[in-house]
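First the structure, in the form of structure tokens, and then the observations on it.
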Amino acid sequence: MMQSLKYWLAEHPSIVNFRWSHTQSFGSTWSFLFAAIAVYIVAVITLHSFLSLILSKSRRIPLGPIPAIHSLCVSLISAAIFVGILYSAAAEIRDTRWFWRRTKTISTPFQWFLCFPLGTRPSGRVFFWSYVFYLSRFLHLFRTFFTILRHRKLTFFHLFNQSILLWMSFLWLEFSQSFQVLAILLATLLYSVVYGYRFWTAIGLPSACFPFVVNCQVVLLACNLISHFGVLFLHFLKGGCNGMGAWGFNSVLNGVILILFLNFYVKMHLRKKNVEDIDGNSNSTSSSSSSSSSSAHGCSRSDIKFD
């Protein structure tokens with residue numbers, strides 16, 4: 001069973017012989033990337049504006065099981081990418097150790113996760129799964145439309161975050177950027193858990209008594225920040241890592257995302273503190289009623305979600 005899984009996820013000829021090519025890989029051109037992001041932004045803003053004109057803000061459009069199915073699909077696809085790139089990374093390390101000794105850039109598997117040797121080309125197993133991850137980012141975009149239809153909510157951070165993550169996954173492939181294997185492992189592990197949790201709550205099961213999704217995002221951002229310092233250290237210590245131009249650009253974009261997220265995180269906690277202060281000043285009858293309602297709905301007030 002395990003051998004068959006390894007074959008289909010890391011040793012299949014289509015995976016081993018994969019090559020990122022502008023003529024052979026779907027969505028691999030700059031024009032496609034710019035057009036896709038432009039269409040996404042225009043479609044989202046148009047839908048939000050149209051619904052704001054014809055419907056009241058409090059009215060929600062029922063979507064039935066579609067969001068739950070979407071969350072389940074994203075969770076399963078992310079889990080498959082995580083397992084696939086993990087097996088592929090192990091196979092690449094096994095097959096390319098001889099090249100490490102010649103380049104003298106890296107000497108351990110952990111260093112390889114952070115720093116590709118100079119001259120690395122976007123071909124082979126790990127870049128196949130990087131390509132699958134890039135394509136899966138288009139599936140994530142549908143969540144924006146669900147949020148608008150159900151909550152009539154559109155924020156600059158959400159629009160910027162989704163667009164930039166799509167852009168960054170393209171740059172990983174285009175410039176064979178270092179650190180992408182570890183970044184994909186961290187991201188797909190997070191997505192499989194977060195979207196699995198969203199599916200769990202979407203089918204009516206109890207939610208966590210704390211902002212689960214936001215806390216997972218904090219963990220991912222912290223791991224990425226630490227890893228970026230590791231890439232920079234190896235780049236100067238070992239004589240250079242591949243794709244550092246794209247890495248520098250992505251680092252700036254990650255920094256912007258981090259600042260916007262911290263702003264959101266602080267506002268979320270201030271809003272939560274204000275709610276607690278209001279509850280503390282309410283009379284005993286209201287407090288008792290609120291407590292009963294909270295118990296009945298499974299800590300829903302604390303479950304502030306990050307889209």
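Please arrange T23, T155 by accessible surface area, largest first, computed with a 1.4 Å probe and ligands excluded.
Working: T23 125, T155 60 Å².
Reading off the accessible areas and sorting them downward yields T23, T155.
For every other residue with a beta carbon closer than 14 angstrom to the beta carbon of V126, add +1 if it is Lys or Arg and -1 if Asp or Glu, then tell me the sum.
Within the 14 Å Cβ shell, the charges total +1.
Just the accessible area per residue of segment 1-97, please: how many Å² with a 1.4 Å probe?
Numbers: 5910 Å² over 97 residues.
That works out to 61 Å² per residue.
In sequence order, what are the phi-derived ³J(HN,Hα) couplings for segment 242-257 according to the Karplus relation 6.51 cos²θ - 1.76 cosθ + 1.60 with θ = phi - 60°, rounded to whole Hz, with x for glycine and proline?
6, x, 6, x, 5, 4, x, 5, 5, 5, 5, 5, 4, x, 5, 4
Which order do I77, I226, I69 take by accessible area at a 1.4 Å probe, largest first?
Numbers: I77 70, I226 125, I69 95 Å².
My answer, sorted largest first, is I226, I69, I77.
Could you list which residues have their amide H under 5 Å from that of R19, counting only those 5 or more apart in sequence or on another chain, with H placed in the peptide plane?
Counting only residues 5 or more places away or on other chains, the set is G124.
List the chymotrypsin sites (Phe, Trp or Tyr not before Pro) in segment 22-51 that DSSP assigns to loop (not H, G, I, E or B) and whose Cβ has at most 14 other Cβ atoms within 10 Å. Which are they?
Working: sites: F26, W30, F32, F34, Y40, F50; in loops: F26.
Sites meeting the loop and neighbour criteria: F26.
Quick check: residue separation of L135 and L225 times 0.36 nm, minus the Cα distance between them. What number comes out in nm? Intermediate results must be reported in sequence, preceding the final value.
Working: separation 90, 0.36 × 90 = 32.40 nm, distance 2.43 nm.
Contour length minus the Cα-Cα distance gives 30.0 nm.
If you plug each phi of segment 51-67 into the Karplus form 6.51 cos²θ - 1.76 cosθ + 1.60 with θ = phi - 60°, what whole-Hz ³J(HN,Hα) values come out, in order, with x for Gly and Pro?
Once θ is set to phi - 60°, the couplings for segment 51-67 become 5, 5, 7, 9, 10, 6, 5, 7, 7, 9, 9, x, 10, x, x, 4, x Hz.
With a sphere of radius 13 Å drawn around the Cβ of W20, what net charge do the other residues whose Cβ falls strictly inside it have (Lys, Arg +1; Asp, Glu -1)? Each step should come with its number before you reach the end.
Values: positive: R19, R121, R125; negative: E174.
Charge balance near W20 sits at +2.
Working with all protein chains in place, sort K267, K238, K153 by solvent-accessible area computed with a 1.4 Å probe, largest first.
Details: K267 115, K238 65, K153 95 Å².
Order by accessible area, largest first: K267, K153, K238.
Net charge near V74: determine it from the other residues with C-beta under 11 Å of the C-beta of V74, scoring Lys and Arg +1 and Asp and Glu -1.
Around V74, the surrounding residues sum to +3.
The values are calculated or read from the model by the stated rules, or taken from the named source; none is laboratory data. For clarity, every value in this text was computed on a predicted model and none was experimentally measured. FYI the Cβ positions are ideal-geometry reconstructions off the backbone, even for glycines, and counts take in every protein chain you see. Side chains included, ligands, DNA and RNA excluded: accessible areas come from the protein's heavy atoms. Shrake-Rupley method; radii C 1.70, N 1.55, O 1.52, S 1.80 Å.
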